[in-house]
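**Q** Questions regarding the structure given below will be posed in turn.
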Amino acid sequence: MTEVSQPGAVSRALRMAQTLATEVVEQVAIENGVCLHSIPMRVTDTHSSSAEIVNLPCGSTQESKCPPCARRAKALRAVQCREGWHMEAEPVRAPAEATEEQRRLVMVRAQWEAWRAEAAELGESTDAIGLAIADLDAEIERSGLGGDVLGRAVPVKRTRSTRRRQDAPDLPRRQRSSSTVGRTYAAPDGRAYRPSMFVTLTLPSYGRVRNGVPIDPGTYDYRRAARDAIHFSKLVDRFVQNLRRVAGFDVQYFASVEPQRRLAVHLHMAVRGTVSRADLRAVVAATYHQVWWPPCDEVRYPAGCLPVWVAGDGEDGEGGYVDPSTGEVLPSWDEALARLDADDEATPLHVARFGDQMDMQGVLAGTPDADQRIRYLAKYLTKSLGGGIGAEDHARAAHAARLVEALRYEPCSAACANWLRFGVQPKGAKAGMVPGRCRGKAHKPEHLGYGGRRVLVSRKWSNKSLGEHRQDRRAWVLEVLGLAGEDGGVREVGRYIWRPVPVGDVSLPTRRVRLLREVARAQAWRAHLAELQARAREVDLPPELGEDQMIMASAGCGSAKIV
Ligand SMILES: [Zn+2]
Ligand SMILES: [Zn+2]
């Protein structure tokens, strides 16, 4: 009997062929900068009643999820970094422009909210829509719009007693100007220089390492490593505050958080303007962040005898966690903090500091060195922090596993389920919380304990939100292609109705077909751009089309139609 005569074998062979075909199509899509997981949307023109399907790029920043979107996100970050680093004039925010962008975002947001309600009503999953909304909210926040667009109450920040305030570090305090652009120096030949800095900050040693692996895992301080990673972004905030105090101007920065070989996070920072090396050293040495959290070094409730949730019966109807044997209600998060405040003997749970290994380079605008640093800052943003350990690298994989184990029961935030293990109700406690199963980013292997943003940008860096940079690039592409037109190639606001195409809609081509169509479109646009590039000397075009611009260009073709 041959294999082919078996029905099972035939379908298996067919399945394999199908899988192979999909892989090839995906590869072609990647090569052409086409999003792999675009969201099909039906766009109806209310004037003509005609409709078409537009594929919205997924917008992922991670190469493991969507390489083309991740590359575009990286290129956009490089643009943002470049535009802010050596600014010569004070950024001035034009309120009218901001309002335009914000209004657009809020309108899109409102539409998504309506879809979510509709999907919920139909009993469909709202997960994907929820994710899109979360992204939009982040974008709205970055655009500088305060509060919550839906008018939900913004939680009031608890004010700590003054005794627990962070002590001011021992640093010289300079007269502070509101300038954000560093000093200018005149060279003997009369030319002006406005130097900037590239700074690298690392965390302290937790034990000796060789090739990224502790020499003695038994004495390597995994707990300290875990807590430093969890509170790293706060430490960076403190550093910036102190730096501004010493520098005497409103220092602006673009920073990226990256993994070191030993699996600790560190920070690369492009800083506008300079301070002396001695001052920078003093700031790094004096900077610390105290974590005033309830104690969590002793396990009060190990697995097997965890606190029990009791539904509320009082007027407020809120439940709470109680001791499984005595029935005593555990202190709430606020109560635990109040106790800490009242205790004169209390010490912070953790004090985070930087290590001795600090690096600072002076950088001049427009030099190849500056370009190289910018590429470096964006280089690894599309990779997860904890990724990149080869399967054959057993020692480092074991090191990573020990760090993840140390992070497992470490509280990552006030709302972390792990607080139950230490006898405190997490902030906003609800039924079903289990220590060791918190879904916070910090506990996941790919984040190495760091749950914050990978790119940290100060408010007055480039004077533009990421959304505005994106709009700029899009406008540039449309301009080059001669598509700008009177409405700038952007759909008229309010004229079109956007709806996600439901799964199983018969009018929706298969994913493979949609990918191939987008590839054809990307190729046509690229060919057109290349042609314009070839004629660049005849027509008045922006400078040469570098890789970044080509990437942005292919983004433009996917999104030129998007409001
Ligand atoms: Zn994508
Ligand atoms: Zn957690």
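Here, each number is a calculation from the coordinates, and none is a lab measurement. Predicted, not measured: the structure shown is a model, and the values here were computed from it. Neighbour counts are summed over all protein chains in view; Cβ atoms, including those assigned to glycine, are modelled from backbone coordinates with ideal geometry.
**Q** Please compute the net charge surrounding W419, taking Lys and Arg as +1 and Asp and Glu as -1 over other residues with Cβ under 15 Å from its Cβ.
**A** That sum, taken over residues with Cβ under 15 Å, equals +3.
**Q** Separate question: Length gain on complete extension for the stretch V501 to R174, per 0.36 nm per residue less the alpha carbon to alpha carbon distance?
**A** 111.9 nm
**Q** Considering amide H positions built from the backbone, and no H for Pro or chain starts, which residues 5 or more places from W293, or on another chain, come under 5 Å of its amide H?
**A** L349, H350
**Q** Skipping prolines and chain starts, which residues have an amide H placed within reach, meaning under 5 Å, of the one on S179, given they are 5 or more residues away or on another chain?
**A** Correct list: D250.
**Q** Treat the count of other C-beta atoms within 10 Å as a stand-in for reagent exposure and order V24, V240, V79, V106 from fewest to most.
**A** Sorted ascending by nearby Cβ count, the order is V24, V106, V240, V79.
**Q** For segment 237-281, what are the per-bin percents of Cα-Cα distances with bins 10 Å wide, up to the bin holding the maximum?
**A** Calculated over all Cα pairs of segment 237-281, the distribution is 24, 50, 23, 3 percent.
**Q** Counting other C-beta atoms within 10 Å, which of L456, L201 has the fewest, and how do the rest follow?
**A** In order of increasing Cβ crowding within 10 Å: L456, L201.
**Q** Could you derive backbone 3J(HN,Hα) for segment 71-88 from the dihedral phi with the Karplus parameters 6.51, -1.76 and 1.60 (θ = phi - 60°), listing whole Hz in sequence and x where the residue is Gly or Pro?
**A** Karplus values, whole Hz, x for Gly and Pro: 5, 5, 4, 5, 4, 5, 5, 4, 4, 4, 4, 4, 5, x, 4, 10, 3, 9.
**Q** Still on this model: With bins 10 Å wide starting at 0, give me the P(r) of segment 328-438 over every alpha carbon pair, in whole percents.
**A** So the P(r) values, bin by bin, are 10, 23, 26, 22, 15, 4, 0.
**Q** Something else: Filter the GluC sites (Glu not before Pro) in segment 320-376 down to the DSSP loop ones having no more than 15 other Cβ atoms within 10 Å, then list what survives.
**A** Here the GluC sites (Glu not before Pro) that fit, given the DSSP loop and packing criteria, are E328, E345.
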